[in-house]
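Chemist: This is the structure I want to talk about, given as structure tokens.
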Amino acid sequence: MTNRNTLLVFAHRDEASAFADVEHLVSGIGKVNAATSLGRALADGDVDEVLVLGTAGVIGDGDSRLDLDTVYQVTTVLQHDFSLPSPELHPAGEAVAGAPAATMATGDVFVQDDAERARIAGLGAELVDMEGYAFASVCERFGVPLRIFKIPSDFADSTTTAEEWDTIVFRKSEQLRAFWDETLTR
């Protein structure tokens with residue numbers, strides 16, 4: 001990481017469990033929580049860059065299915081639960097070698113339905129979360145570069161449960177910490 005004043009952000013406290021020794025913001029789950037928490041932090045502080053780490057569901061099957069143990073840099077975000085046209089957003093932070101790029105859809109629902117998953121994949125998304133679009137929108141409005149890195153936690157299908165995520169998230173936090181130590185802090 002550079003010497004910039006970087007704000008590290010997680011949506012859920014369990015995603016940040018391996019980062020107890022690193023200053024960070026936990027925004028809360030969903031687009032409203034993400035937007036208000038990050039907006040407040042950007043308005044109140046001297047932030048040069050926002051770095052979001054967290055989990056996401058995999059959208060897609062076959063050869064296009066992303067791996068559950070790879071950290072992806074989200075380079076395009078879109079909304080999947082908004083009925084009016086909304087633009088794709090492209091986080092303006094620098095690309096990181098070793099992190100494959102991915103497109104992510106955001107909506108205020110934990111996706112665990114095969115039909116919904118297929119609909120979201122049809123939008124061109126490879127990942128799905130509940131905050132990314134809000135983070136990107138706020139950073140764009142404040143003119144602050146944003147980098148989003150997500151590690152998949154599940155396949156966002158009918159076999160996915162919130163209880164399963166609750167147990168997996170701690171291992172995913174450790175994987176994010178290894179990525180942070182090996183890739184982002186060098």
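The values are calculated or read from the model by the stated rules, or taken from the named source; none is laboratory data. The model shown is predicted, which means the values in this text are computed figures rather than measured ones. Glycine also receives a Cβ, built like all others from the backbone with ideal geometry; neighbour counts cover every protein chain displayed. Note: accessible area is taken over every heavy atom of the protein model, side chains too, but ligands, DNA and RNA are not part of it. Shrake-Rupley method; radii C 1.70, N 1.55, O 1.52, S 1.80 Å.
Chemist: Where is the GNM fluctuation largest for the chain (alpha-carbon springs, 10 angstrom cutoff): 153, 17, 173?
Modeler: With Cα springs under 10 Å in the chain, the top fluctuation among 153, 17, 173 is at 17.
Chemist: For the chain, modelled as a Gaussian network with Cα springs under 10 Å, which listed residue fluctuates most, 171, 117, 147?
Modeler: 171
Chemist: Please list the non-local residues whose amide H lies under 5 Å from the amide H of residue 105, H modeled 1.01 Å from N, same-chain partners needing a gap of 5 or more.
Modeler: 78, 126, 127, 128, 129
Chemist: A further question follows. Label segment 129-186 by shape, choosing from rounded, prolate and oblate, from the square roots a ≥ b ≥ c of the eigenvalues of the Cα gyration tensor; if a/c is under 1.5 it is rounded, and otherwise prolate applies when a/b is larger than b/c, oblate when it is not.
Modeler: Here segment 129-186 falls in the oblate category.
Chemist: Note down the nm distance, to one decimal, between modelled labels 7 Å out along Cα→Cβ at residue 70 and at residue 183.
Modeler: Simple spin-label model gives 1.0 nm for this pair.
Chemist: Would segment 54-148 count as rounded, prolate or oblate if I go by the C-alpha gyration tensor, calling it rounded below 1.5 in a/c and otherwise prolate when a/b exceeds b/c, oblate otherwise?
Modeler: Since a/c reaches 1.5 but b/c is at least a/b, the shape of segment 54-148 is classed as oblate.
Chemist: Something else now. Would you mind working out the magnitude of the charge dipole of the chain relative to its Cα centre, with +1 at each Lys and Arg C-beta and -1 at each Asp and Glu C-beta, to the nearest 20 Debye? List each step's numbers first, then the result.
Modeler: On the way: 14 positive and 31 negative charges, 93 e Å.
About 440 debye.
Chemist: Here is a further query. Just want the answer: with Cβ charges of +1 for Lys and Arg and -1 for Asp and Glu, which residue in 123, 41, 56 is farthest toward the dipole's positive end in the chain?
Modeler: Of the listed residues, the answer is 41.
Chemist: Explain nothing, just the number: dipole magnitude of segment 75-161 about its Cα centre with +1 on each Lys and Arg Cβ and -1 on each Asp and Glu Cβ, in debye rounded to the nearest 20.
Modeler: About 280 debye.
Chemist: Express in nm, to one decimal, how much length is gained between residue 43 and residue 61 on full extension, taking 0.36 nm for each residue of separation and deducting their alpha carbon distance.
Modeler: Full extension from residue 43 to residue 61 adds 2.4 nm.
Chemist: I'd like the Karplus ³J(HN,Hα) series for segment 12-17: coefficients 6.51, -1.76, 1.60, θ = phi - 60°, whole numbers in Hz, and an x wherever there's a Gly or Pro.
Modeler: 10, 4, 5, 5, 8, 4
Chemist: Oh, and also: What are the ³J(HN,Hα) values, in whole Hz, obtained from phi via the Karplus relation 6.51 cos²θ - 1.76 cosθ + 1.60 with θ = phi - 60°, for each residue of segment 144-156 in sequence order, with x given for Gly and Pro?
Modeler: In residue order, the calculated couplings are 10, x, 10, 10, 10, 10, 10, 10, x, 10, 6, 9, 6 Hz.
Chemist: Right, another one. Between 162, 125, 136, find the one with the highest GNM mean-square fluctuation for the chain; connect C-alpha pairs within less than 10 Å.
Modeler: Answer for the Gaussian network model of the chain: 162.
Chemist: Along the charge dipole of segment 89-162, which of 160, 103, 145 sits closest to the positive end, that is, farthest toward it, with unit charges on the beta carbon of Lys, Arg, Asp and Glu (+1, +1, -1, -1)?
Modeler: Of the listed residues, the answer is 145.
Chemist: Could you tell me, in Å, what Rg and Dmax come out for the Cα atoms of the chain?
Modeler: Cα only, the chain: 15.1, 45 Å (Rg, Dmax).
Chemist: Round to a whole number: what % of the accessible area of segment 1-126 belongs to carbon and sulfur, probe 1.4 Å?
Modeler: So the carbon and sulfur contribution to the accessible surface is 49 percent.
Chemist: Sticking with this one: For the chain, what is the calculated [θ] at 222 nm in deg cm²/dmol (nearest 500), taking -39500 (n - 2.57) for each run of four or more DSSP H residues and dividing by its residue count?
Modeler: About -8500 deg cm²/dmol.
Chemist: Expressed as a whole number of Å, what is the distance separating the alpha-carbon centroids of segment 127-186 and segment 35-110?
Modeler: If you average the Cα positions of each part, the centres end up 8 Å apart.
Chemist: Still on this model: Assuming 0.36 nm per residue, please report the length gained on full extension of the stretch residue 29 to residue 163 beyond their Cα-Cα distance.
Modeler: Contour length minus Cα-Cα distance gives 46.7 nm.
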